[in-house]
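The values are calculated or read from the model by the stated rules, or taken from the named source; none is laboratory data. Since this is a predicted model, take the numbers as computed values, not measurements. Note that each Cβ is placed from the backbone with ideal geometry, even for glycine, and that neighbours are counted across all protein chains shown. Just so you know, the surface numbers come from the protein's heavy atoms only, side chains and all, with ligands and any DNA or RNA stripped out. Shrake-Rupley method; radii C 1.70, N 1.55, O 1.52, S 1.80 Å.
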Amino acid sequence: MLLFVRSMTFLAVAAVVAPAAVAADPSPPAELDWSAWRSLPVHASGRVMPLDTLARSLVEEICGRARPRLAPADADSVDPSGEGGAGQGNVVFPDGRSRRFTAAELVFSWLVEPERWENVPLLAARHETLRQDLLQLPLRDRGGARLQYVSPRQFEQASRAGERLAELALLQRSARTDGRPFEPSETDRRLEQLNEAYHAYRVLTFDPAQPRMRRVAFGNQLMGVFRTWRREVAQRLALWQSLDDEPSQQKLADEINKALKGLLKLVDEESFSLSAAEEDASRLCRSTQALSALVAQHRDRQFSSDDAKLAERRRRLMSILVSRTNELARRAHALCEAIYDNGNGLRVVPSLSPFALQDDGTTNRAAQPWIALQTLLVGSESVLDGYPDDLVTEVRQSFDEAKSVYLDRQAPDRAERFAKALRQFSAALRALGEAVEPGRRELLTDDQAVSVLVATAYPPAGSLDKEVFYNRLDPFLWSWVLTLGSVACLALGFGRLGKPMFFVGAAVLTVGQVFTIAGLCLRASITGMVPITNMYETVLFVGLTVALFGLWFALLPFVWPVLGAAWRVTAIAPTPQAAASAGLSGDLARWYWRAMPVLRVILTVAFVYVLAVAPNNPSEDAPIFPLLPTFASGAIGDVLGAITIWLVGLSVLVWLLWFLPRAVLTLSIGAVLAPKAVCILWRQRLAEPIERSVGRKPFLLTGAAVALLAYLLAYFV
């Protein structure tokens, strides 16, 4: 009775306390939807890609991995007087514990609240000597766990690291001067990697409105403009003025000098005035562009003139001036962009710069084909001349809304509002990107610019979803994981477990290769190129090939009765015995007899087009196997080399044109015959093919082991 009373009392207390406990411990906040942010088109590394791809690359460069687990700094390692102190860091880590971040979330958070990350360890720095000797930081935290990161402020305050970087720069410069190689130590290499990660973080989080921001790109571009003006243009302009009295030329030269003096003075000041920089940079852009147009007009006028008194020297001078003033104008426009873009920021909308389409779209060009997000958010009207004001305002308002909702971490409807704000921001960017395309077409100057225009156009809606899916699927992760599982199954298959583990290992290995094939096909679809165009894809392809060969040799007793019969049927003139072995007789055999040559010819023509006619990738017109040799020059060495390469490729092409059509037909017929073969094997005893396949286990284990090595090498190295 006493036990019953105690039990009822416990249940009653629990019934009262449990609801209160639930109310006091609210459910965790809903996960934020980053799909609209991940799918944003950005321009980087010479191509248009989803922001998800760029974010993964940036975060991996900065943090060492695309999905890092970060933690707040220890309280005693944070300067509470500065920005990004412990209290601000705890906003990012509300429970004070480490958490794993996605690349998309990290990039957004770094953009909208960089001050809260100043003291958060996020830069990869695990090397012991680097941490102890150069950074003077502990190796382990209070709990004894190994520390892997340093904060941006810790790296800035590491005086020994800064001194060593300066020493390395001098040593590298001296080695280049002496013409000898320079081999840094392992610690120095890790320090340089840390320095690159730090600068990548600073470039990404650059805020042009902050007067004390370090403006590396702006200073470099300004020096480039100044040198081009002083060394390449000014003296030739004076010579031109002595030959032809042109008042407008002197007026433009005075404006350029005035703008350069203002910008040089601005760089020397401690507090950078954004409005003053915009005013002088805009004046410099207008003046250099007007000067370039003026010089081009005079050059055309002189070359079209029939005046015999025109000296060749004057024409040569004007031709050089056209080139130099065009380069000066290009650098001036790049200087305007550098006010807001400190390097490789998020470039989110195509540029309307007159020089944006005059090159190949690489990252080393002076004028980028897209403008940075910071330019769009805080740029003046003169900088954003040509962009619709209403659409620019909509982009800014939608981004501000997404930022405010993200920072309001206590809002109960934060997830819904944030997803809506990101969708609105994505839609506003798309409307602006599509609206500027007509203006970009007006910038076309030659046929080469057309290809750049197409390659850098704002992509259609949904065209980048395939790449986002590829990133989230991460197929090559599953390639090595499943291949590792296959190796484990095969290695542990002893005794009675030998046969079942053999087939389990074969099945797991097959699934792993399915992921590899899917990943390579996705890469080919995304890039428009054959997926063996770089070392990464080549290593993956080698692993796939070896694994498939291992499966083929190991399971040959099961598949060859079907594929062998299908192979014999696919001959140009199949014999009656071959048709009978495949179960074909009567009218069906006669149909195959007549249709097979036609099918072989059709497939051969198709493969000729794919391999020897169609271009290998969108940027080149050359096919995989050219039907005629291509000579780089008339030198005998180049001619012999080109002929040798062409003959080798031609021999490979001939073999492929014989093998591939027949292989396709064999697999097709084999798929038709497979159900019948399974029924035959099911009725007969399976002991013999099973024993023969298990006896071929070394083939399967070797193929799986070599494929695993290749996949690990590609994925981690």
Exercise. Quickly work out the LEU647-to-VAL454 label distance, labels modelled 7 Å from Cα along the C-beta direction, and quote it in nm with one decimal.
Key: 3.7 nm
Exercise. Please work out the FRET efficiency for the pair GLN132 and ASP254, using the Cβ-Cβ distance as r and a Förster radius of 51 Å; give the result to the nearest 0.05.
Key: 0.30
Practice problem: Can you tell me the dipole magnitude for region 144-204 around its Cα centre, using point charges on the Cβ only (Lys, Arg +1; Asp, Glu -1), in Debye to the nearest 20? | Solution: 140 debye
Quiz item: So if R0 is 35 Å, what FRET efficiency would ASP141 and GLU416 give, r being the distance between their Cβ atoms, rounded to the nearest 0.05?
Solution: 0.40
Quiz item: Measuring from label point to label point, each 7 Å out along Cα→Cβ, what is the ALA238 to ALA595 span in nm?
Solution: 8.5 nm
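Once you have the Cα-Cα distance between SER35 and ALA166, take 0.36 nm times their residue separation minus that, and quote the gain in nm to one decimal.
Numbers: separation 131, 0.36 × 131 = 47.16 nm, distance 4.24 nm.
Value of the extension gain: 42.9 nm.
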Quiz item: Roughly how many debye, to the nearest 20, is the charge dipole of region 385-527 about its Cα centre, given +1 on each Lys and Arg Cβ, -1 on each Asp and Glu Cβ, and no other charges?
Solution: 1160 debye
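How far, in nm, would the chain grow between ARG696 and GLU196 when pulled straight, counting 0.36 nm per residue and subtracting the alpha carbon separation? Kindly include the intermediate steps, with their values, before the conclusion.
Details: separation 500, 0.36 × 500 = 180.00 nm, distance 5.03 nm.
Full-extension gain reported as 175.0 nm.
May I ask you to compute the full-extension gain from GLN397 to ALA276, defined as 0.36 nm times their residue separation minus their alpha-carbon distance, rounded to one decimal in nm? Write down the numbers at each step before the final one.
Details: separation 121, 0.36 × 121 = 43.56 nm, distance 2.48 nm.
Stretched out fully, the GLN397 to ALA276 stretch lengthens by 41.1 nm.
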Quiz item: Where the centroid of each part is defined by its Cα atoms, how far is region 505-563 from region 183-205 in Å?
Solution: 37 Å
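Under a 1.4 Å probe, what is the accessible area of region 193-343 per residue, stated in Å²? Could you put the intermediate results ahead of the total?
Numbers: 7590 Å² over 151 residues.
Accessible surface, normalised per residue, equals 50 Å².
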Quiz item: How far apart, in nm, are two points set 7 Å out from the Cα along the Cα-to-Cβ line at ARG496 and at LEU477?
Solution: 3.8 nm
Exercise. Which order do the peptides 98-107, 35-44, 657-666 take when ranked by the mean count of other beta-carbon atoms within 10 Å per residue, highest first?
Key: 35-44, 98-107, 657-666
Quiz item: What does the charge dipole of region 233-278 about its Cα centre add up to, to the nearest 20 debye, if the Cβ of each Lys and Arg holds +1 and the Cβ of each Asp and Glu holds -1?
Solution: 80 debye
Exercise. Could you point to the residue in LEU191, TYR201, PRO181 farthest towards the positive end of region 150-206's charge dipole, with +1 and -1 charges on the Cβ of Lys/Arg and Asp/Glu respectively?
Key: TYR201
